[in-house]
Amino acid sequence: MNGLQRIRLNGIDAPESWQACRDAAGRPYRCGKDAAFALEEFLSKSRPIRCVGHGRDRYRRVVAHCFRADGQSVNSWLVRHGWAVAWLRYSKGVFWGDQPIAKAASAGVWRGSFKIPCEARAARFKRRAAC
């Protein structure tokens, strides 16, 4: 893909920028913002980013699996480091093996308690969760 496009990372679900989680001590923190900052730092170490599209979602965003210039999977990295959860409904389990690594390390959102992002969105917008 070339140019700037809105991309939905395939097979994962990351916290929204407004989403609050709780750390191990029960203190709230903006896990979505922390996830975005962690992603930016990860991406900055090996550019350009290459994405392989798998279609479009209902918001017309490209759904893709993205890779840094060094070949590391962005989608996998986010799940493995606890900044996203594997979304089985859409990934067919591709990133499921990364999640126990993050859980075992208490990394990212797994360092405390959090709502699965699709559940947090549903609650915020008073809809039924599509997870």
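The values are calculated or read from the model by the stated rules, or taken from the named source; none is laboratory data. Keep in mind it's a predicted model, so treat the numbers as computed, not measured. Every residue, glycine as well, gets a Cβ built from its backbone with ideal geometry; the counts of neighbours run over all protein chains shown. With ligands, DNA and RNA removed, areas are computed over all heavy atoms of the protein, side chains included. Shrake-Rupley method; radii C 1.70, N 1.55, O 1.52, S 1.80 Å.
On a 26 Å Cα-Cα criterion, which of the cross-link pairs K45/K92; K45/K103; K45/K115 come out too long?
K45/K92; K45/K115
Apply the Karplus curve 6.51 cos²θ - 1.76 cosθ + 1.60, θ = phi - 60°, to the phi angles in segment 64-72 and return the couplings in whole Hz, x for Gly and Pro.
Those phi angles translate into 8, 9, 10, 9, 6, 4, 7, x, 5 Hz.
Go through segment 35-126 and name the trypsin sites (Lys or Arg not before Pro) that are in a DSSP coil and have 15 or fewer other Cβ atoms within 10 Å of their Cβ.
K45, R58, R60, R61, K92, K126
For segment 81-131, which chymotrypsin sites (Phe, Trp or Tyr not before Pro) pass both filters: DSSP loop (anything but H, G, I, E, B) and at most 13 other C-beta atoms within 10 Å?
The qualifying sites are F125.
How big is the dipole moment of the chain about its Cα centre under a simple scheme where the beta carbon of each Lys and Arg is +1, that of each Asp and Glu is -1, and everything else is neutral? Debye, nearest 20, please.
Computed charge dipole of the chain: roughly 560 debye.
Measuring with a 1.4 Å probe in the full set of protein chains, what accessible area per residue, in whole Å², belongs to the chain?
61
Which angle between 0 and 90 degrees, to the nearest 10, do you get for helix 31-44 versus the longest principal axis of the chain when only C-alpha atoms count?
That helix lies at roughly 30 degrees to the long axis.
Note down the nm distance, to one decimal, between modelled labels 7 Å out along Cα→Cβ at Y59 and at R6.
About 0.5 nm, to one decimal.
What is the sum of charges, Lys and Arg at +1 and Asp and Glu at -1, for the other residues whose Cβ falls under 15 Å from the Cβ of V109?
+3
Given the C-alpha centroids of segment 1-44 and segment 71-128, what is the distance between them in whole angstrom?
The distance from the Cα centre of segment 1-44 to that of segment 71-128 comes to 10 Å.
If the reach is capped at under 15 angstrom between alpha carbons, list the aspartates and glutamates near K33, excluding any in the same chain fewer than eight residues apart.
Partners found: D13, E16, D23, E41.
I need the Debye-formula profile for the chain: one equal scatterer per C-alpha, no solvent, reported as log10 I(q)/I(0) at q = 0.15, 0.23 1/Å, two decimals.
-0.72, -1.56
Relative contact order of the chain: what whole-number percent is it, with Cα pairs under 8 angstrom and at least 6 residues apart?
29
How much accessible area does L78 have with a 1.4 Å probe, in Å² rounded to the nearest 10?
It works out to around 10 Å².
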